[in-house]
């Protein structure tokens, strides 16, 4: 550790350039992996049964944690909105801020985070275990395409199921907000739901949907990439899982910022 500290002190520029080089090298590797995975989706044969199995594992397996996330997101968002709206005497319009923030931002982001923590880590650990056991090399030796057999079905399942989970999360969040609105500030159910529908424009709905599809694709790609690129040591499984979750979370937040900026300029 002392040698490393002395090296960083004496050669900070070298270390900085090394980090930048490694970052872009990793980014290029992920880009090539993504291109190969996307191309394989459009090349038959398609393993629909295995894909449906992965959709069941990712979708229904992540449903409880996503539902709980949506419920508490709606409850907390409603309480926070009451604090702000009470100062201007507009607590009856609590549905409007909930409708915009949940559909545009909180629903897609938090749903994707929960799926990444639950399903993305599982994908990385599963593929890392296969890689450590050298089964990926065995697939290549027998002439099979590991991307086609291992990555494609998981990538498609993540991309399809995250939007579905996001919709369910949004609906449960609205129910949580309804509970707070009707029992804390005594807003009528009709007025609450009507105020939500007033702000749910097609642009907002499509924006949230595009975000959820993009986040699902990111979860699938990074989870598969982290698992497939694991070394042969047993410690690589834990490292791949940690790397997948952290990288996915940061990527989701960064892409969310870019998409939000694009939507504000174009749609919103």
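The values are calculated or read from the model by the stated rules, or taken from the named source; none is laboratory data. Treat the numbers as computed from the prediction; the structure is a model and nothing was measured. Counting neighbours? That spans all protein chains shown, and the Cβs are built from the backbone with ideal geometry, glycine included.
Report yes if some residue within the range 183-190 is within 12 Å of the chain's Cα centre (by Cα), surrounded by fewer than 24 Cβ atoms within 10 Å (Cβ to Cβ) and farther than 17 Å from residue 104 by Cβ; otherwise report no.
no
Tell me which residues, restricted to the range 79-99, are farther than 15 Å from residue 182 by Cβ and either within 29 Å of the chain's Cα centre (by Cα) or outside the structural domain of residue 188 (by TED's automatic domain parsing) (or both).
Passing the criteria: 80, 96, 97, 99.
Kindly evaluate residue 59 against the criterion of being in contact with a helix residue (DSSP H, G or I) (Cβ under 6 Å, 6 or more places away or on another chain), surrounded by 13 or more Cβ atoms within 10 Å (Cβ to Cβ) and closer than 24 Å to residue 183 by Cα.
The answer is no for residue 59.
Any idea which of 260, 266, 230, 214 is more than 22 Å from residue 64 (Cβ to Cβ) and without any contact (Cβ under 8 Å) to a residue 12 or more places away in the chain?
The unique qualifying residue is 266.
Does the range 235-245 contain any residue that is over 25 Å from residue 118 (Cβ atoms) and either assigned to a helix (DSSP H, G or I) or modelled with pLDDT under 90 (or both)? Show your work before the answer.
So the first thing to find is which residues in the range 235-245 are over 25 Å from residue 118 (Cβ atoms), and the list is none.
The answer is no; no qualifying residue exists.
Going by what's in this entry, would residue 76 be described as at pLDDT 90 or above, surrounded by fewer than 22 Cβ atoms within 10 Å (Cβ to Cβ) and not assigned by TED's automatic domain parsing to the domain that holds residue 164?
The answer is no for residue 76.
Does residue 68 meet the test of being surrounded by fewer than 17 Cβ atoms within 10 Å (Cβ to Cβ), assigned to a helix (DSSP H, G or I) and at pLDDT 95 or above? Step through it out loud before you land on a result.
Details: surrounded by fewer than 17 Cβ atoms within 10 Å (Cβ to Cβ): yes; assigned to a helix (DSSP H, G or I): yes; at pLDDT 95 or above: yes.
Yes: the conditions hold for residue 68.
Among the candidates 190, 179, single out the residue that is in a helix (DSSP H, G or I), under 13 Å from residue 95 (Cα atoms) and without any contact (Cβ under 8 Å) to a residue 24 or more places away in the chain. If you could, list the steps in order and put the result at the bottom.
Numbers: 179 fails: without any contact (Cβ under 8 Å) to a residue 24 or more places away in the chain.
Sole residue among the options that is in a helix (DSSP H, G or I), under 13 Å from residue 95 (Cα atoms) and without any contact (Cβ under 8 Å) to a residue 24 or more places away in the chain: 190.
Kindly establish whether residue 134 is in contact (Cβ under 8 Å) with a residue 60 or more places away in the chain, out of contact with any helix residue (DSSP H, G or I) (no Cβ under 8 Å at 6 or more places or on another chain) and surrounded by fewer than 22 Cβ atoms within 10 Å (Cβ to Cβ).
Criteria met by residue 134.
Of the residues in the range 40-65, how many are assigned to a loop (DSSP other than H, G, I, E, B) and closer than 26 Å to residue 174 by Cα?
0
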